[in-house]
Amino acid sequence: MQQKREQWGSRWGFILAAMGSAVGLGNIWRFSYAMGEGGGSAFLIIYLVSVLVIGFPVMLIEFSIGRRTQTDAVDAFKKLAPKSGWLVAGGLGVLAAFLILSFYGVIGGWSLRYMFEYMTGGITGDPQDFFVGFISDPASPVFWQFVFMALTVGIVFLGVQKGIELSSKVMMPVLSILLIGLAAYSLTLGGAEEAFAFMFQPDWDAFTDPSVYISAMGQAFFTLSLGMGAMLTYASYLDPEERLTSSAAIIIVLDTLFALVSGLVIFPALFAFGLDPSEGAGLVFMVLPNIFEALGGIGTLAGVVFFVLLSMAALSSAISLLEVAVAYFMRRLNASRKAMTLVVGLVIFLLGVPSSLSQGAMDITILGDSFLDFMDAFTGNLVLPLGGLIMVLFVGWTWTKKEILDHGDVADQSWGPLYVLTAKFVAPVAILLVLIIGMINW
Ligand code: PFF
């Protein structure tokens, strides 16, 4: 028997859940290290252009497909284009959900461990030694990854309204307040001027580095949860009458603000203590604790706030990753949400163990990168843009102009024709160009 499909309780429930998906480790952990490595402002400018020219249309396209078909990422393409190859976009999405959540759960676990440490008095000894000691331990990070995945599974298990929507309604406002408070505090530490220069003063040399383009575009996809059907799946729980453009605009603006304000938390503190922004993936875990330690008692409190923030942001995104796969398997196997959540959650946890072990416990590398770093770059910079490319090509070239306008809710907008043009030409060409540049420079 077919169960009745779930729906959001309200439009704001949807917006907060989608925002929860977008705002995550990508805005804080990934954004800060990618920007640090990408020369600061050059990365920021290319990232902002990508968000506008590629992110907005791709999000609207995912929303249109989801709301129109009211089904999961794979079935959506089957319904719209039966017996065609387009469903590869949905399949790629489900695969990406497994791959991304596998390493995302590892970092989420690190964040929980740090949250726990600061709640119980802060970390002891040299922060770098502590971090390296922790992540190279075979058992402890896997334990915390398990805890993080258990929380993720717990929320998705409860369903769209009682799990995802309710948790997002609680977490997103808390998250916003914590972030703004931390930024205000960080700006008083004395590194504000240098941070502003680093973030906003263009360094023209970095524009000539091709790797900055791929990492900035990859970041735009990753941070907006695009290219793998997460936004498509969330929009499939919308009432077919619900409007889309304003929701997409709100989510994009808030996600971008979140990344910028996170930058204002991290970089001023970093420069105030003369630390290096190009530390790489360990940036928030190795560098920030130095700052918390130097600040004494208030630093421990700042540490608690920061890692509560990071953990909640990670959790509200992880649930959307899990939901993509759970929604697919529930329909495909005609199984219950509860059973599928447990099974898929467990498989993804196991898939994440090599990522966790690759941080020092074992030597697991691919193309010279640790397994975790490889998964991060491979999915973000390649799989998501590729998934996004297929989706824009699908909508841009198999839907009529009227369908593109109607299903995106842009028929009565003055910028409707521009949207069609972007869906047909600008976004695909831009994604393709950056992908090619990225491949050449891999
Ligand atoms: N947008 C999330 C972040 O910025 O951390 C990551 C993410 C979630 C990517 C969901 C893709 C996705 F489907």
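Here are the numbers for this structure:
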item	result
Of the criteria (1) away from the ligand (no atom under 15 Å from the Cβ); (2) assigned to a loop (DSSP other than H, G, I, E, B), which one LEU270 fails	(2)
Any hit, the stretch 46-68, residues being farther than 29 Å from ILE266 by Cα and open to solvent by 10 Å² or more (accessible area, probe 1.4 Å)	yes
Condition broken by PRO141, with the remaining ones in (1) surrounded by fewer than 23 Cβ atoms within 10 Å (Cβ to Cβ); (2) in contact (Cβ under 8 Å) with a residue 12 or more places away in the chain; (3) assigned to a helix (DSSP H, G or I) satisfied	(1)
Wholly within the stretch 354-442, helices (runs of 4 or more DSSP H) carrying at least 1 residues that are under 14 Å from PRO57 (Cα atoms) and among the hydrophobic types (A, V, I, L, M, F, W, C)	384-398, 401-407, 416-421, 427-440
Given (1) in contact with a Pro (Cβ under 9 Å, 6 or more places away or on another chain); (2) closer than 25 Å to LEU295 by Cα, number of the condition VAL106 does not satisfy	(2)
Filter result (surrounded by fewer than 24 Cβ atoms within 10 Å (Cβ to Cβ) and over 13 Å from PHE222 (Cα atoms)) within the stretch 378-394	LEU389, ILE390, LEU393, PHE394
Meets criteria (at pLDDT below 95, outside any helix (DSSP H, G or I), over 30 Å from GLN7 (Cα atoms) and open to solvent by 20 Å² or more (accessible area, probe 1.4 Å)) for LEU275	yes
Complete set of residues in the stretch 107-138 that are open to solvent by less than 30 Å² (accessible area, probe 1.4 Å), of a type in the set (A, V, I, L, M), farther than 20 Å from GLY24 by Cα and in a helix (DSSP H, G or I)	ILE135
Within the stretch 221-239, considering residues that are part of a helix (DSSP H, G or I) and within 10 Å of the ligand (Cβ to nearest atom), the one surrounded by the most Cβ atoms within 10 Å (Cβ to Cβ)	LEU232
Residue in the stretch 354-377 that is open to solvent by less than 30 Å² (accessible area, probe 1.4 Å), within 30 Å of LEU80 (Cα to Cα) and either at pLDDT below 95 or polar (S, T, N, Q) (or both) present	no
Inter-residue pairs, beta-carbon under 8 Å, first without any contact (Cβ under 8 Å) to a residue 40 or more places away in the chain and farther than 12 Å from SER215 by Cα and in the stretch 420-442, second assigned to a helix (DSSP H, G or I) and not aliphatic (A, V, I, L, M), 6+ apart	VAL420/GLY396; VAL420/LYS401; LYS424/GLY396; LYS424/TRP397; PHE425/GLY396; PRO428/GLY396
Scan of the stretch 304-330 for residues that are open to solvent by 10 Å² or more (accessible area, probe 1.4 Å), more than 10 Å from LEU101 (Cβ to Cβ) and within 11 Å of the ligand (Cβ to nearest atom), ordered by number	LEU315
The stretch 326-353, residues that are assigned to a helix (DSSP H, G or I) and of a type in the set (Gly, Ala, Ser)	ALA327, ALA339, GLY345, GLY352
Some residue of the stretch 422-441 being in contact with a strand residue (DSSP E or B) (Cβ under 9 Å, 6 or more places away or on another chain) and on the phi < 0 side of the Ramachandran plot	no
In the stretch 194-208, residue nearest to the ligand (Cβ to nearest atom) [restricted to those that are at pLDDT below 90 and acidic (Asp, Glu)]	ASP203
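The values are calculated or read from the model by the stated rules, or taken from the named source; none is laboratory data. Worth saying up front: this structure is predicted, and the values here are computed from it rather than measured. Heads up, the Cβs are rebuilt from the backbone with ideal geometry, glycines too, and the neighbour counts pull from every protein chain shown. In case anyone asks, the SASA skips ligands and DNA or RNA and just uses the protein heavy atoms, side chains included. Shrake-Rupley method; radii C 1.70, N 1.55, O 1.52, S 1.80 Å.
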